[in-house]
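The values are calculated or read from the model by the stated rules, or taken from the named source; none is laboratory data. Quick caveat: nothing in here was measured; it's all calculated off a predicted structure. Note that each Cβ is placed from the backbone with ideal geometry, even for glycine, and that neighbours are counted across all protein chains shown.
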């Protein structure tokens, strides 16, 4: 009888330990699901500033066209896609990238430094387009329509992006 009571107490103790573990697991799961991990906050502020709607102190555009127009990241030459920079300058910090043939909206353009002086005209331009959601893309990085990858193509480089005269702006 005494052995049976000791066995019962040991079994109750094990069940109690399992219940406590389950409660702590539940609390931890609720806390984890209810908040973002530390790396998420850090990456939002330091690594991916424009992906979440911020502009990370990006040089802004004065003027332009508020409604904007659509362009596509280039897919003709390597590296494909378009780099989004903090300022309209090839040496400026890259803050985002756009995959090839992905459409995005620009809301103005400015003359600044030549990004790729050895490109064929018109992609040797000093024009930079302002991405509506923030940042700057060189004229060489965009097209008016999706393109096929063809690094052997020379000449105009397929479908230069439009530059409406009334959408020229200035750096703010």
- Hey, any hits in the stretch 31-46 for a residue that's modelled with pLDDT under 65 and in contact with a helix residue (DSSP H, G or I) (Cβ under 7 Å, 6 or more places away or on another chain)? no
- Task: Residue by residue through the stretch 143-172, note down the ones that are loosely packed, with under 12 Cβ neighbours inside 10 Å, free of Cβ contacts under 8 Å to residues at least 60 places away in the same chain and within 20 Å of residue 77 (Cβ to Cβ).
- Result: 152, 154, 155, 156
- Note on the structure: When (1) over 21 Å from residue 167 (Cα atoms); (2) crowded, with 19+ Cβ neighbours inside 10 Å; (3) modelled with pLDDT of 90 or more are applied to residue 93, the one that fails is (2)
- Identify all residues within the stretch 86-114 that are closer than 17 Å to residue 171 by Cα and in a loop (DSSP other than H, G, I, E, B); write none if there are none. 86, 87, 88, 89, 90, 91, 92, 93, 112, 113, 114
- Query: In the stretch 63-76, what count of residues is obtained for those that are closer than 14 Å to residue 139 by Cα and either assigned to a loop (DSSP other than H, G, I, E, B) or not assigned by TED's automatic domain parsing to the domain that holds residue 165 (or both)?
  - Reply: 3
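Yes/no per residue for (1) under 20 Å from the mean Cα position of the chain (by Cα); (2) surrounded by fewer than 22 Cβ atoms within 10 Å (Cβ to Cβ):
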position: 73; (1), (2): yes, no
position: 88; (1), (2): yes, no
position: 114; (1), (2): no, yes
position: 120; (1), (2): no, yes
position: 124; (1), (2): no, yes
position: 128; (1), (2): yes, no
position: 132; (1), (2): yes, yes
position: 138; (1), (2): yes, no
position: 141; (1), (2): yes, no
